[in-house]
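Working notes for the structure below.
The values are calculated or read from the model by the stated rules, or taken from the named source; none is laboratory data. Keep in mind it's a predicted model, so treat the numbers as computed, not measured. Cβ atoms come from the backbone with ideal geometry, glycine included; neighbour counts cover every protein chain shown. Side chains included, ligands, DNA and RNA excluded: accessible areas come from the protein's heavy atoms. Shrake-Rupley method; radii C 1.70, N 1.55, O 1.52, S 1.80 Å.
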Amino acid sequence: MKTAWLQHVPFEGPGLIADWMAARQFSFPRIALWAGEPLPDPQTLDLLVVMGGPMNVDETDAYPWLTAERVFIRRAIDAGVRVVGICLGAQLIARALGARVYRGPQPEIGWFPVTRTAATHPVCDGLPVSFQAYHWHGDTFELPDGATCIAGSALYANQVFIWGERVLGLQCHLETTPRSAQDIIDHTTFEPGPTVQSAEAMLADTARFETLRPILFDLLDRLVST
């Protein structure tokens, strides 16, 4: 399987997704958009992973490569490539499919529950009814036409969505490891509050990051089997 992942900032890597790729013996080349690396021909890919980042999808003046990235994501979707978006990546998918991306009610940072909706889809049927997910976002989005919302949180209704059979959006971070969480903490200024946990609280129980592994791996296994 030919794969690639898009990186928006040097401190947000693929975390557990890289472990999944290694376990399946897939090569997983990075395209560092922040460093000006070129986008490939989407026809050469079977699976594209679009990672997170601190920018908004429409900050094209500050990050001009976002415009080309949105076009590329849409071309990949139209070509039948399996596409997974994480946080900003999910928002970019929504935007590429014509949906509005906008500021959320308040930041959601740390460990908060995600709960299934009544909707079902073969790619997401293994998702637990409710589970603790890791979050780091302040933007949200409307569902693209034709998308199905699979799970949401109290503040952000669209945490997991599927579009068609091969496009998966994850607002929450199921890929996070203690190290990748620390990387974002070290490069971000944030003020703890009711919906924003302290760094100490987020990292107090590092074992909980391992609970994300089987959830993420099941989603990816189901996606590539389509």
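Ligands, DNA and RNA excluded, the heavy atoms of THR120 present near 100 Å² of accessible surface to a 1.4 Å solvent probe.
Working with all protein chains in place, sort TRP5, TRP65 by solvent-accessible area computed with a 1.4 Å probe, largest first.
On the way: TRP5 20, TRP65 55 Å².
Per-residue accessible area, sorted high to low, gives TRP65, TRP5.
For segment 86-130, taking Cα atoms only, Rg and Dmax work out to 13.1, 32 Å respectively. Once the C-beta distance of ASP78 and LEU203 is scaled by a Förster radius of 45 Å, the resulting FRET efficiency is 0.65 to the nearest 0.05.
With only Lys, Arg, Asp and Glu charged, each at its Cβ (+1 for the first two, -1 for the last two), find how big the charge dipole of segment 1-151 is about the Cα centre; round to the nearest 20 debye. Intermediate results must be reported in sequence, preceding the final value.
Details: 11 positive and 15 negative charges, 51 e Å.
Rounded to the nearest 20 debye, it is 240 debye.
Remark: segment 57-213 carries 42 Å² of accessible area per residue (probe radius 1.4 Å; ligands, DNA and RNA excluded). Treating each Cα of segment 123-181 as an identical point scatterer and summing with the Debye formula, the log10 of I(q)/I(0) at q = 0.12, 0.13, 0.20 Å⁻¹ comes to -0.29, -0.35, -0.80.
Matching the structure-derived P(r) over Cα pairs in 10 Å bins from 0, in percent against the labelled list [x] 8, 31, 34, 20, 6, 0; [y] 7, 31, 38, 19, 5, 0; [z] 8, 37, 40, 15, 0 gives the label [z]. Give the carbon-plus-sulfur fraction of the accessible surface of segment 33-109 in %, rounded to a whole number; probe 1.4 Å, heavy atoms of protein chains only. Carbon with sulfur: 47 percent of the solvent-accessible area.
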